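The values are calculated or read from the model by the stated rules, or taken from the named source; none is laboratory data. Everything numeric in this text was worked out from a predicted model, so none of it was measured. Here the Cβ positions follow ideal geometry from the backbone for every residue, glycine too, while neighbour counts run over all protein chains shown.
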Amino acid sequence: MAPLRSALARRAIPQVRGNGALCLQHHKEADAGAFTPEQLRTLKEDPFLRRVDVALIGGFIWKREQLILRAGGGFYVRCSVLLEMASRPIIWLSTDADGNQLLNLDLWDENGSLVFSMRDNDWIVWKESDDVEAPPSARSLIVRMNEARLSVEFAHSSMDDVRAELARRDAESNARLIGRYQAELESLREQSAPQISRLLPTDD
């Protein structure tokens, strides 16, 4: 994504209102002053892919022997199919000739039409979308379409990172639980209830 404002502000020329999506090459050219505000506005309002009516495609070059997927608040390891509906895989993993795990994903609209697909880390947007964010770093992708939002991001991680995150979550959950018990105990004490502090968990 290339902010039109930032590219133009550095050259003290009239700014184009709003942001526009530019490829890496056009982004560099815009920073160098290759486009006038009118040309940038045209690129924003009438992008090349809309004119030629072709699907938007891309891919992730991230390949690892072991993928750790974080989705829906959970972690998934050594799980070949992460989501399946009516015997149809929605999110699943495949393996290439070098033993690397690759991500696969399908997304349908309310009419049952395929709107987004990912096969072996390569993706394609089949239908016109409201917005697609695919930075040159090729480590993340965000697709917005009607009320749906799909986000995929690759990052370095390890089982130690997962264990640390799970330990943090446990600590937070235990703290909330103890806080609730203490609040309930205080309420009972105010009602002159018998001493029940022995029911509280301790660190001993």
Item checked: Count of residues meeting criterion [in a strand (DSSP E or B) and surrounded by 16 or more Cβ atoms within 10 Å (Cβ to Cβ)] in segment 84-107 -> 10
Item checked: Restricting segment 116-139 to residues that are in contact with an Asp or Glu (Cβ under 8 Å, 6 or more places away or on another chain) and modelled with pLDDT under 85, the residue that is nearest to ARG70 (Cα to Cα) -> ARG139
Notebook entry, point to check: Across segment 108-139, what is the total count of residues that are in a loop (DSSP other than H, G, I, E, B) and surrounded by 18 or more Cβ atoms within 10 Å (Cβ to Cβ)?
Noted result: 2
Item checked: Matching residues in segment 140-161 - criterion: being surrounded by 15 or more Cβ atoms within 10 Å (Cβ to Cβ) and outside any strand (DSSP E or B) -> PHE154, SER157
Next item on the list: Might you check whether a residue that is of a type in the set (Asp, Glu), in contact with a Phe, Trp or Tyr (Cβ under 9 Å, 6 or more places away or on another chain), farther than 29 Å from SER87 by Cα and not assigned by TED's automatic domain parsing to the domain that holds ALA71 occurs anywhere in segment 166-181?
Entry: no
